[in-house]
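A short write-up of the structure that comes next.
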Amino acid sequence: MKIKEIKLLANTIRMDIIKMLNLAKSGHTAGPLGMTDLFTVLYGEFLKFNPKKPLDKKRDFVFLSNGHTCPVLYSTLARFNYFPVSELKTLRKLGSRLQGHPHLGALPGVENSGGPLAQGISQAVGLAASLKRDKKDNKVFCFTGDGELDEGQCWEAFLFAAKEKLDNLTIIVDRNDIQIDGTTEDVLPLGDLNKKFTSFNFAVIEFDANNIEQIRQAYKEANKIKHKPVCLIAKTIPGKGVSFMEKDFHWHGVAPSDQDTKLALEELKILETKINGGKI
């Protein structure tokens, strides 16, 4: 995809996220907006998948361990033709396939049940180990939040991934520095994640995850690494694209009101115009 196409699609996904959450009247806003560029580049340029055959044995796998950020996954799947875009309106409704946390088997393209934090990481590590032992070429990408890394289970899984030399596994940490009760460093300091993952024998790539070129380069580098699992420390801006949401932890688990939605969509429409004009 051309960079302009990626930026326009990412902007469309951000508008989807705002609309979905407003209709649902509940859910998480900041994280999905921040992670949108990561998903757009991954599905647009690097992931092996077939929406017409979502269970294709040759596909790569995307796990969402931080399941509360599922609006970005749902919108991405819809925009890449896994199901109709109109179904996004059903987020969190009774009987909807778009549950508040992703549920395996409920929706094409959803590869794991996410909700209890840290368990998605263990699931992804287990799958990667199984694929490697079976000498399969599939890759496993697992998204996790930085607040999620407060969980001890994560680090047990990381130890196992390194021991098994799972070079088919890429852990993508949404390093946005916020969680539901405040900043990650105020709630439970994580310190230098680069040093932590390096000490766990991961190959580590740290980058600006709202910069398309840096995202592209990070995925390219990750694909070249052998004999080690990879950790992408993706430094995102929570609430990216909506000025009054950016870097504000209060938007971690709050849906936009009607007025918030109106203002947010106005900003994103202006951004769309700038992208089309080649000014961003």
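Computed from the coordinates by the stated procedures, all read-outs in this text should not be read as laboratory data. Treat the numbers as computed from the prediction; the structure is a model and nothing was measured. We place every Cβ from the backbone using ideal geometry, glycine too, and count neighbours over all the protein chains shown.
For LEU166, are the conditions met, namely being surrounded by fewer than 18 Cβ atoms within 10 Å (Cβ to Cβ), out of contact with any strand residue (DSSP E or B) (no Cβ under 6 Å at 6 or more places or on another chain) and either touching a residue at least 12 places away in the same chain (Cβ under 8 Å) or basic (Lys, Arg) (or both)?
Against the criterion (surrounded by fewer than 18 Cβ atoms within 10 Å (Cβ to Cβ), out of contact with any strand residue (DSSP E or B) (no Cβ under 6 Å at 6 or more places or on another chain) and either touching a residue at least 12 places away in the same chain (Cβ under 8 Å) or basic (Lys, Arg) (or both)), LEU166 does not qualify.
Give GLU206, GLU185, GLU156 a once-over and let me know the one that is in a strand (DSSP E or B), surrounded by fewer than 20 Cβ atoms within 10 Å (Cβ to Cβ) and of a type in the set (D, E, K, R).
GLU206
Which numbered condition in (1) out of contact with any helix residue (DSSP H, G or I) (no Cβ under 8 Å at 6 or more places or on another chain); (2) buried (at least 20 other Cβ atoms within 10 Å of the Cβ); (3) not small (Gly, Ala, Ser) is the only one that LYS196 fails?
(2)
Output the number of residues of region 246-269 satisfying the condition of being more than 18 Å from the chain's Cα centre (by Cα) and within 19 Å of THR40 (Cβ to Cβ).
Count: 5.
Here are some conditions: (1) in contact with a His (Cβ under 8 Å, 6 or more places away or on another chain); (2) more than 21 Å from PHE46 (Cα to Cα). LEU88 meets all but one. Which one does it not meet?
Failed condition: (1).
Looking only at region 58-84, filter to residues that are part of a loop (DSSP other than H, G, I, E, B) and either among the hydroxyl-bearing types (Ser, Thr, Tyr) or in contact (Cβ under 8 Å) with a residue 40 or more places away in the chain (or both); which one of those is surrounded by the fewest Cβ atoms within 10 Å (Cβ to Cβ)?
Here the answer is LYS58.
Here is a list of conditions, (1) part of a helix (DSSP H, G or I); (2) within 10 Å of the chain's Cα centre (by Cα); (3) not β-branched (Val, Ile, Thr), and GLU45 meets all of them except one; can you say which number that is?
Condition not satisfied by GLU45: (2).
Restricting to region 85-95, count the residues that are buried (at least 16 other Cβ atoms within 10 Å of the Cβ) and polar (S, T, N, Q).
1
Kindly establish whether GLY278 is assigned to a loop (DSSP other than H, G, I, E, B), under 12 Å from MET15 (Cα atoms) and either of a type in the set (Gly, Ala, Ser) or touching a residue at least 60 places away in the same chain (Cβ under 8 Å) (or both).
No; evaluated as a whole, the condition is false for this residue.
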